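Down below is the structure, laid out as structure tokens.
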Amino acid sequence: MSADHKTTQLDVPLSETARTVTLVSWKTAGVLLAVTVLYALLLVAVPRSGDTRFLLSQRSDFFQIPVIVLPSAALAWVSGAVMLAVTAFAIVRTARGSRTPLWPVALFALAGLIGFLAWAGAGSPRDLSIVGLVGGAVLWSVPFVYGALGGVIGERAGVVNIAIEAQLLGAAFTAAIVSSITNSPVAGLVAAVLAGALVALVLGLFAITYHVNQVIVGVVLNVLVVGLTSFLYSQVLVPGAEQLNSTTRFSAIPIPLLSDIPVLGPVLFRQPLLIYLMFLAVPAVWYALNRTRWGLRLRAVGEHPKAADTVGINVVRTRYNAVLVAGAVAGLGGAFYTTVNLSQFGENMTGGAGYIALAAVIFGKWDPVRSAFAGLLFGFASNLQNVLSVVGSPVPSQFMLMVPYVVTLLAVAGLVGRSRPPAASGEPYIKG
């Protein structure tokens, strides 16, 4: 009877584990199926007719790519057929016990995007500019990419940087004031970096020194900075708007020859300074984390702080260094709002970008390059509403405002695959 009782105790957790593994393995196929059904319902419920005009490139000194006119209904249904085929492929792979590769998921996303754009632009006399769509995506991805890089640096050292939102908002506020006073966007950029590092210092003080729960500290900082900037905005910036809230923005700097390349030229080589810095920041952070002694120590502290301490690495100092660098990098993303996007600060103007950046960290599996691409994906979703409003899409604006957050949920919940955070992420280190 004792043996039977023991067997029963072992059988329950094993069956629960098997059931959990089965549910997780069907996650990607389930998400693809749900999106395909919603896409088909959209085509059936709101049928569209006419042609869609795709403009691939603006006028160039070398040559002009003509406008491509395609039948919207046919293209939308062909895209739906591709999505259905990919979904069936994912279901078959999952049923056989194999994982779905990345390339069919990417094909599914591309087909869905093309079909949706064809449906939205049906019958519109205006061109659907691909350059504007992709170029705007690069521009709007700036706070997500910088925020994600800051999140990666912090978490690889073992500190969960929930306060990315506070760092972005505090940096935007500081950059607005300093840039307005000095009439220099560079000065505003430097001030934004310092503001992001200051918020990170407060996070480190409570999370690293006093061992307060890192998630709670991050959430409190986000609420605190929102309240503080809103109060100062109404009491200081509104009365003195001309002197304190009228920033000088970075202008676009076209790179000779490269900026004239069709499609890619305007997207990559006709951007403000902050975007060029972003192009450099992604490989720089990757190199620092994976090819330097600083990065090796940082990763060791994030995976096994006790072992790192045993070989002589100062865990507390390393985590403080990582948190401060992470805050400074996130501060660059905050400067985007008031030195690139707008000429003034507005209440809660980041609009939850820090939380989307945190989702990009998870989606990118705590890798700086993958997280940057995830930030670019979310930037694309944010810019999509602007492009569709230009072509007169029938999609309600309220629905389009949901797009970045829906993409975030789908990416993190269904398409991220298996990922493991650093082993000591969120765990305080108490020496003893």
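In the neighborhood of residue 296, defined by Cβ-to-Cβ distances under 13 Å, what is the net charge if each Lys or Arg adds +1 and each Asp or Glu adds -1?
+4
Determine the percent antiparallel among the DSSP beta bridges restricted to the chain, to the nearest 5. Present the calculation step by step, with values, prior to reporting the outcome.
Numbers: 6 of 8 bridges.
Once the DSSP bridges in the chain are tallied, antiparallel ones form about 75 percent.
Using all alpha carbons of region 65-189, what is the percent of pairwise distances in each 5 Å bin, ordered from the shortest bin to the longest?
Result, from short to long distances: 2, 9, 10, 11, 12, 12, 12, 12, 10, 6, 3, 1, 0 percent.
What dipole magnitude, in Debye to the nearest 20, does region 211-365 give about its Cα centre under +1 on Lys/Arg Cβ and -1 on Asp/Glu Cβ? Could the numbers behind the result be given before it?
On the way: 10 positive and 5 negative charges, 134 e Å.
Taking the Cα centre of region 211-365 as origin, the dipole is about 640 debye.
Could you give the dipole magnitude of the chain about its Cα centre, charging the beta-carbon of Lys and Arg +1 and that of Asp and Glu -1, in debye to the nearest 20?
920 debye
Taking a probe of 1.4 angstrom, what is the accessible area of residue 365 in Å², to the nearest 10?
70 Å²
Identify which of the listed values of mean projected area of the Cα convex hull in nm² was calculated from the structure shown: (i) 28.0; (ii) 26.9; (iii) 23.8.
Given (i) 28.0; (ii) 26.9; (iii) 23.8, the calculated one carries the label (ii).
Give me the distance between the Cα centres of region 351-399 and region 207-238, rounded to whole Å.
24 Å
Quick one: net charge around residue 215, please, counting Lys, Arg +1 and Asp, Glu -1 for every other residue with C-beta under 14 Å from its C-beta.
Neighbourhood net charge equals -3.
Along the charge dipole of the chain, which of 137, 102, 215 sits closest to the positive end, that is, farthest toward it, with unit charges on the beta carbon of Lys, Arg, Asp and Glu (+1, +1, -1, -1)?
My answer, from the dipole projection, is 102.
Would you calculate, for the chain, the mean residue ellipticity at 222 nm contributed by helices, counting each DSSP H stretch of 4 or more residues as -39,500 (n - 2.57) and dividing by all residues, to the nearest 500?
The helix contribution divided over the chain gives -22000 deg cm²/dmol.
Lys and Arg at +1, Asp and Glu at -1: add these up for the other residues within a Cβ distance under 12 Å of residue 316 and post the number.
Taking every Cβ under 12 Å from that of residue 316, the sum is +2.
Using the Cα centre of the chain as origin and beta-carbon charges of +1 (Lys, Arg) and -1 (Asp, Glu), tell me which of 152, 375, 68 is placed farthest towards the positive end of the dipole.
Most positive-ward Cα: 152.
The values are calculated or read from the model by the stated rules, or taken from the named source; none is laboratory data. Keep in mind the model is a prediction, meaning the values are calculated, not measured. Cβ sites come from the backbone with ideal geometry, for glycine too, and all protein chains shown count toward neighbours. Accessible surface areas use protein heavy atoms only, side chains included; no ligands, DNA or RNA. Shrake-Rupley method; radii C 1.70, N 1.55, O 1.52, S 1.80 Å.
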